[in-house]
Amino acid sequence: MLLEVRDLHVEFHTRDGVAKAVNGVSYGVDAGETLAVLGESGSGKSVTAQTVMGILDVPPGRITSGEILFEGRDLLKLKEEERRKVRGAEMAMIFQDALSSLNPVLTVGAQLAEMFTVHRGMSRKDAQAKAVELMDRVRIPAARERVKQYPHQFSGGMRQRIMIAMAMALEPKLIIADEPTTALDVTVQAQVMDLLAELQRELNMGLILITHDLGVVADVADKIAVMYAGRIVETAPVHDIYKAPAHPYTRGLLDSIPRLDQKGQELYAIKGLPPNLTRIPPGCAFHPRCPMAQDVCRTDVPPLYEVTESDAERGSACHFWRECLHG
Amino acid sequence: MPEQEPYEPERAIAGTGMGGTMDLGTSEAVTLEQPPGPDGADPREKPRSLWSDAWHDLRRNPVFIISALVILFLVVISLWPSLIASGNPLKCDLAKAQEGSQPGHPFGFNGQGCDVYTRTVYGARTSVAVGILATLGVAVLGSVLGGLAGFFGGGGDAVLSRITDIFFAIPVVLGGLVLLSVITSNTIWPVIGFIVLLGWPQISRIARGSVITAKQNDYVQAARALGASNSRLLLRHIAPNAIAPVIVVATIALGTYISLEATLSFLGVGLKPPSVSWGIDISSAAPYVRNAPHALLWPSGALALTVLAFIMLGDAVRDALDPKLR
């Protein structure tokens, strides 16, 4: 396994108390594999990713327990200086909004070249040539001229390509993409996703795709981890989950996708709001919103049950996963 | 008149600002299939950095041009006062005390019989030197301390913030009277040191604030995620995006430091005779203002003009660096 997160707990100390953002998340990605992490805002998907990257702001954040094994070594035990050398070179991150993720006062070429001067100690001239090469690789037209331009002179899709180029620059083994297409036009979304998937295949990288867009996930992901209130509630290969979800929350998410054959009907929505992370409900965190909730859900926290009726490796943190799977 | 509009290169260039980049967004699907066409990069659109953009704005601003010319003139005469004043500011003839304007002595003489014109010209040197050196000291000390406090936060930041609060509570003139009256050296350095000591908290606060703002930008987080070290984040990604307010406030403060030096010299704790300073001349001319107003008016006028020039320059720079304020 390229990356393995084991029982990670992260909390934030705020004025309202301790917000438990991540409560025992475990997941893994292999080289060449794509894991989609799905969940609403505040489900802990981005915090988990930031912790893996080592860019969590500490304080207010605090990693209380867990392990992050990258090629076998625990990143949480590394010194900050060693950790920094891992970032960019061995794992990289792509952010949601490419305009705000690029420095407005530096040319895109300077920012791309920086990857090579900082990590590889290349000369400025060589690094600049590499920057042009990278821009060509992510198919930015007229790269040689545009390398001298500033981020605001590029369109949204082009900027995200530049972000991808920066992340790919040193051919890392793992890429974390935090909602990489959310800020883009629908027409451009698919192109950017395709580019990402293609580069991933070429370099045989592990990819963690954080998103709340089930449509994006279906095309590119191998497996899915659904998060709710800082926990993984369901994990499964991508096609199994679409066929038959084993958790009522996943079912709710799938039912709330607008569909062409339901034109004119009211769109389904999961009732209620995601829980306040300083006061997570006892028992199953989803029980106040769950149509299947029973008494046991209010008292007992469901472990991640193995979904035995499936051929593939599946898990569901629901006491009634059987009923859900067949319901 | 032909029906077709004539081609206007001016308008074509202006149109490539926002429009040019937005076109790319919609034509992306096309450019993907095609080899890089001429529409990929617009050769007419020359990339401009924040600084060249600000310079472009400044050059068109009459306030900037006037104040910059005044300041340039002041700097030149403080470096080479003999260019426009041939006399010696310390050569005085009591027989001519309080005499008015006469050939060769356009501003007349002061109470000691010194040539007011020569002294006013030589006085610029003190003011400009104190202003520039004190501002440099304040800007360097304030932005380094404030920048580090803003970037690292934590205990150091809390301590620094309380220290700046304490400094803000010190009345400048009173502090000058107390601190400078014990110093006997008659050079500009004690005055500069005093201004730096009391001035750095102002810049430190601004630098801290703008570093905290810049630190929260996504591109700083992104750069960190791609392996940038703290020093690189601070120097390359945060500083260029946080320095503008420091430059603006420092430019405006330069004018006030010049008047502060004059105030301290007027009170007798800044520079003392035989140094030449507008503050000293204003102080010595003040008692005789009824008999010889010219001896007071020329150094006062020069001081006011200098301070005004720097404050106007600061305003123009602020407009150029932060277009949102307009």
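We did not get these values from a lab; they are worked out from the coordinates using the rules stated. Because the structure is predicted, anything quoted here is derived from the model rather than measured. Neighbour counts run over all protein chains shown; Cβ positions are idealised from the backbone, glycine included.
Between the listed residues A:Ile55, A:Leu35, A:Gln96, the Cα displaced farthest toward the positive end of the dipole of segment A:26-112, a dipole computed from Cβ unit charges relative to the Cα centre, is found at A:Ile55. Restricting the calculation to Cα atoms, every distinct pair contributes to the Kirkwood radius of segment A:145-240, found to be 14.7 Å.
With each run of n ≥ 4 DSSP H residues scored as -39500 (n - 2.57), what mean residue ellipticity at 222 nm is computed for the protein assembly as shown after dividing by its residue count and rounding to the nearest 500 deg cm²/dmol? It would help to have the intermediate numbers written out before the result.
Working: 26 runs with 325 residues, N = 653.
The helix contribution divided over the protein assembly as shown gives -15500 deg cm²/dmol.
Residues whose amide H lies under 5 Å from that of A:Gly283, counting only those 5 or more places away or on a different chain, are A:Val301; hydrogens are built 1.01 Å from N in the peptide plane.
According to the square roots a ≥ b ≥ c of the eigenvalues of the Cα gyration tensor, what is the shape class of segment B:94-173, taking rounded for a/c under 1.5, prolate for a/b larger than b/c otherwise, and oblate for the remainder? Kindly include the intermediate steps, with their values, before the conclusion.
Details: a/c = 7.68, a/b = 3.46, b/c = 2.22.
Prolate, since a/c reaches 1.5 and a/b exceeds b/c.
Diagonalising the gyration tensor over the Cα atoms of chain A and scaling each eigenvalue by 5 before taking the square root yields semi-axes of 36, 23, 18 Å, largest first.
Across peptide A:131-142, what mean number of C-beta atoms from other chains lies inside 10 Å of a residue's C-beta?
On the way: counts 0, 0, 0, 0, 0, 1, 0, 0, 4, 5, 14, 10.
That average works out to 3.
The fraction of all Cα pairs in segment A:66-201 landing in successive 5 Å bins from 0 to the largest distance is 2, 11, 20, 22, 20, 13, 8, 4, 1, 0, given as whole percents.
Measuring r between the beta carbons of B:Ser52 and B:Val140 and using R0 = 22 Å, the FRET efficiency lands at 0.35.
Compared with the dominant principal axis of the Cα atoms in chain A, helix A:108-120 is inclined by about 90°.
If you stretched the chain out fully between A:Ile63 and A:Thr308, how much longer would it get, using 0.36 nm times the residue separation minus the C-alpha to C-alpha distance? Could you put the intermediate results ahead of the total?
Numbers: separation 245, 0.36 × 245 = 88.20 nm, distance 3.25 nm.
Length difference between fully extended and current span is 84.9 nm.
Share of antiparallel DSSP beta bridges in the protein assembly as shown, in percent to the nearest 5? Before the final figure, lay out each step's value.
Working: 33 of 52 bridges.
For the protein assembly as shown, the DSSP antiparallel bridge percentage is about 65.
Spin-label model, A:Lys79/B:Ala95: points 7 Å from Cα along the beta carbon direction are separated by 8.1 nm.
Summarise the partner chain shielding of A:146-158 as one whole number: the mean count of Cβ atoms from other chains within 10 Å of each residue's Cβ.
Details: counts 6, 2, 3, 7, 5, 1, 4, 11, 3, 10, 5, 7, 6.
So the per-residue partner count for this stretch is 5.
Look at B:Trp278, B:Trp80, A:Trp321 and count the other Cβ atoms within 10 Å of each Cβ; fewest to most, that gives B:Trp80, A:Trp321, B:Trp278. Using the empirical formula 2.2 N^0.38 Å as the baseline, the Cα radius of gyration of segment B:47-158 reaches a ratio of 1.65. P(r) tail for segment A:227-327: Cα pairs beyond 19 Å make up 43% of the total.
Classification of segment A:35-121 by its C-alpha gyration tensor yields an oblate form. The axis ratio a/c (a ≥ b ≥ c) is 1.5 or more, and b/c is at least a/b.
With R₀ set to 25 Å, the beta-carbon distance separating A:Asp300 from A:Asp255 gives a calculated FRET efficiency near 0.45.
Note on A:304-312: average number of Cβ atoms from other chains within 10 Å of each residue's Cβ is 0.
Among A:Arg15, A:Arg83, A:Arg251, the largest mean-square fluctuation in a Gaussian network model of chain A (Cα springs under 10 Å) belongs to A:Arg15. Legend: ranking of residues A:Arg322, A:Arg201, B:Arg60, B:Arg125 from fewest to most surrounding C-beta atoms inside 10 Å; resulting order B:Arg60, A:Arg201, A:Arg322, B:Arg125. Reported to the nearest whole Å, the Cα centre-to-centre distance from segment A:26-79 to segment B:241-320 is 58. A Förster distance of 30 Å, applied to the separation of the beta-carbon atoms of A:Glu145 and A:Ser41, puts the FRET efficiency at 0.15. Considering the options B:Gly193, A:Ala165, B:Leu234, tell which one lies farthest towards the positive end of the dipole of the protein assembly as shown, charges being +1 on Lys and Arg and -1 on Asp and Glu at the Cβ, about the Cα centre. The residue sitting most towards the positive pole is B:Gly193. Each principal axis of the Cα cloud of the protein assembly as shown was taken in turn, and the coordinate range along them, longest first, works out to 116, 73, 51 Å.
With the convex hull constructed from alpha-carbon coordinates only, segment B:263-326 shows a mean projected area of 5.8 nm² over all directions.
The phi-based Karplus calculation (6.51 cos²θ - 1.76 cosθ + 1.60; θ = phi - 60°) puts the 3J(HN,Hα) values of segment B:88-100 at 10, x, 9, 8, 10, 10, 4, 4, 9, 3, 6, 6, x Hz, whole numbers, x for Gly and Pro. Annotation: the residues A:Thr107, B:Thr184, A:Thr278, A:Thr211, sorted from fewest to most other C-beta atoms within 10 Å of their own C-beta, follow the order B:Thr184, A:Thr278, A:Thr107, A:Thr211.
Shape analysis of segment A:186-244 based on the Cα gyration tensor places the equivalent ellipsoid semi-axes at 22, 13, 12 Å, largest first. For A:Tyr228, nonlocal amide neighbours, meaning residues 5 or more places apart or on other chains whose placed amide H falls under 5 Å from its own, are A:Val233.
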